[in-house]
Amino acid sequence: EPTGSTPLDAVVVGAGFAGIYSLYRLRKDGLSVRVFEAAAGVGGVWYWNRYPGARCDVESVDYSYSFDEDLQQEWNWKEKYATQPEILAYMEHVVERFDLAKDITLNTRVTDIVFDEDAQLWAVTTDTGESVRARFVVLGLGPLSNSNIPNIPGIHDFAGPMLHTGQWPHEPVDFTGQRVGVIGTGSSGIQSIPEIAKQAAKLTVFQRTPNFSVPAGNRPLTDEDRAAQKADYAERRRLSRLSGGGSPHETHLKSALEVSDEERRAVYEEWWRKGGVLFSKAFPDQFTSIEANDTARDFWVEKVRAKVDDPKIAELLIPTSHPIGTKRICTDSGYFETFNRDNVELVNLRESPIERIDATGVVTADGRHHDLDALVLATGYDAMTGSVKKINIVGRGGKTLNEEWSGGARTYLGLGIEGFPNLFNLTGPGSPSVLANMVLHSELHVDWVATAIADLADRGAVLMEPTHDAVEGWVEECRKRAEGSLMVKADSWYLGANIPGRPRVFMPFVGGFGVYGEIINKVAADGYPGFAFSE
Ligand code: NA7
């Protein structure tokens, strides 16, 4: 766009759940909007994460948009926990249903976002050479979108296919007859390992840190299930918005330490049956009291020991490095049982770290060469800030966002950044996004931003940005809340601890999705204390 032509109202970066809804909502509010998406299709992480077994750990009925009643009544989820292809199909359906594609430019990566102080506009440049100007920038980059490729000596010498779970090829990968290695036992490893084991001639799992995982309890949904869910949707959404994690579930009323052993056991059994991440939310003090947390851990350990035939392997699979739930608890379908198979070997990297990778496999410190035809990297992400940092974002006074965040991410309410007026970072640091249902969280953020944009016009202002004190206050609030919980006791990606050299700052707001929503909506209702406005 030549300088001088009419600027857009808003540029949205990313066409995942947050970006798609941003386009829908801002366009509905009468704004001119363009979305840029680096991938060849919409979907964000659900476009990329095509690894076998990829599935959401939030129930499909909850992990879907609430903004349109007809949409939520008409869409039929097939399973309790949707697979990646089903979620992607849903997102494509939403784009088509609301005629969004015409404002989405695919195959286009935003490289620079630079604030022009004289024009009071953002200049957005892409890798296809396009340049546009806009009053507002909405970053919907996703907190888990920048793959972490570990810096293992020789990794690029591997001659066979090397696949990161978050950049999986589109053509289905067939491991039949192959010797496959998987590095990493986080959610992505734990979901893909059972599926790969079924195909491969031999599967070697390279485990540095074991993880807690609970059976998903997935099942197909019947017509009756769907009818019941839909009849109750309004109430389900209401409870979800008040809840800690964005799903309609409440913990037991009493502490894990107040109830009898029998009752505690019964409660854990019930939540184990409910499946997955919910297990860390059976009692209200599981994240604040290590004694309470230990009761959940003991129950979990007993369950896992019963699943694994070889007691020595069972012990290797039991985490000792962090309290249960302080890294996002994983959700599986037969993960621990997979280690009972003859074609699966667990390599304990704590005892014998990876020394190097060569053309034909992985060499561990004990001198073993693990021969491999294919290597899967389930090694996670430079989380929460990784994708933001890849873009050259320059705010007031020529200061880059990377400079602003060099000591760790700093935001006000997880939405505004000091010195970056009219730029909103969705579902990132300072928000509870990664601890919550990302779809409802995206809606919460986008609705807040849309309201703020409308309110800005109403007060006759052009720019809004958080004050220094407001950012300081929010950073401190997030720090205090995190330190009051057990969440800081794990070397997790919440802290950036998985990426060498990153400052250790606990990034998410741990006070709960409902509490967070109340805080940000009250700020809006009170006229945006903590934001400065200018004309
Ligand atoms: P995670 O949870 O970050 O897991 C990454 C795994 O990869 C974890 O087991 C790491 O071990 C391991 N890893 C990373 N680098 C290495 C090296 N260099 N050597 C050996 N092992 C390594 O990523 P996921 O993709 O599984 O899940 C991300 C989120 O997506 C998940 O929490 C859900 O919310 C959805 P470590 O623990 O660092 O010792």
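Here is how the numbers come out for the structure above:
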quantity	calculated
Residue tally, condition of a type in the set (D, E, K, R) and farther than 20 Å from His322 by Cβ, over segment 475-491	3
Search result, residues across segment 151-189 that are crowded, with 17+ Cβ neighbours inside 10 Å, within 11 Å of the ligand (Cβ to nearest atom) and either charged (D, E, K, R) or part of a loop (DSSP other than H, G, I, E, B) (or both)	Ile152, Gly184, Thr185, Gly186
Residues located in segment 370-393, provided they are of a type outside the set (Gly, Ala, Ser), in contact with a strand residue (DSSP E or B) (Cβ under 7 Å, 6 or more places away or on another chain) and within 17 Å of Ala497 (Cα to Cα)	Thr379, Tyr381
Filtered residues of segment 321-362 (kept if over 16 Å from Ser192 (Cα atoms), away from the ligand (no atom under 12 Å from the Cβ) and in contact (Cβ under 8 Å) with a residue 60 or more places away in the chain)	Pro323, Ile324, Asp358, Ala359, Thr360, Gly361
Residue that is farthest from the ligand (Cβ to nearest atom), among those in segment 108-144 that are out of contact with any strand residue (DSSP E or B) (no Cβ under 7 Å at 6 or more places or on another chain) and closer than 17 Å to Ile20 by Cβ	Gly142
Spans of helices (runs of 4 or more DSSP H) in segment 13-102 with at least 3 residues acidic (Asp, Glu)	69-74, 84-97
Selection within segment 110-132 - of a type in the set (Val, Ile, Thr) and either in contact (Cβ under 8 Å) with a residue 60 or more places away in the chain or not in a strand (DSSP E or B) (or both)	Val110, Thr111, Ile113, Val114, Val124, Thr126, Thr128, Val132
Residue that is surrounded by the fewest Cβ atoms within 10 Å (Cβ to Cβ), among those in segment 430-446 that are away from the ligand (no atom under 16 Å from the Cβ) and over 14 Å from Cys478 (Cα atoms)	Glu443
Selection status of Gly484, away from the ligand (no atom under 16 Å from the Cβ), among the small types (Gly, Ala, Ser) and at pLDDT below 95	yes
Residue count for segment 367-389, restricted to those that are within 23 Å of Val449 (Cα to Cα) and away from the ligand (no atom under 16 Å from the Cβ)	2
Residues located in segment 88-109, provided they are surrounded by fewer than 14 Cβ atoms within 10 Å (Cβ to Cβ) and in contact (Cβ under 8 Å) with a residue 12 or more places away in the chain	His93, Asn107
Residue in segment 198-239 that is nearest to the ligand (Cβ to nearest atom), counting only those that are more than 29 Å from Glu443 (Cβ to Cβ) and among the polar types (S, T, N, Q)	Thr209
Some residue of segment 448-470 being out of contact with any helix residue (DSSP H, G or I) (no Cβ under 6 Å at 6 or more places or on another chain), away from the ligand (no atom under 16 Å from the Cβ) and under 30 Å from Ile324 (Cα atoms)	no
Residue that is surrounded by 16 or more Cβ atoms within 10 Å (Cβ to Cβ) and within 23 Å of Trp493 (Cβ to Cβ), where the choices are Ile393, Ile290	Ile393
Qualifying residue in segment 249-258 (condition: buried (at least 20 other Cβ atoms within 10 Å of the Cβ), within 16 Å of the ligand (Cβ to nearest atom) and in contact (Cβ under 8 Å) with a residue 24 or more places away in the chain)	no
Residue count for segment 190-227, restricted to those that are part of a helix (DSSP H, G or I) and surrounded by fewer than 19 Cβ atoms within 10 Å (Cβ to Cβ)	8
Members of segment 330-351 that are part of a strand (DSSP E or B), within 15 Å of Lys202 (Cβ to Cβ) and of a type outside the set (A, V, I, L, M, F, W, C)	Glu345
Top-ranked residue of segment 392-429 - restricted to ones that are closer than 30 Å to Ala234 by Cβ and part of a loop (DSSP other than H, G, I, E, B), ranked as nearest to the ligand (Cβ to nearest atom)	Thr427
Single residue of Leu100, Leu121, Leu144 found to be closer than 28 Å to Gly414 by Cα, within 27 Å of the chain's Cα centre (by Cα) and modelled with pLDDT of 95 or more	Leu100
Test: residue in segment 223-237 that is under 26 Å from the mean Cα position of the chain (by Cα) and without any contact (Cβ under 8 Å) to a residue 40 or more places away in the chain	yes
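The values are calculated or read from the model by the stated rules, or taken from the named source; none is laboratory data. Values in this document were obtained by computation on a predicted structure and should not be read as measured data. With ideal geometry, Cβ positions are generated from the backbone for all residues, glycine too; neighbour counts draw on all protein chains shown.
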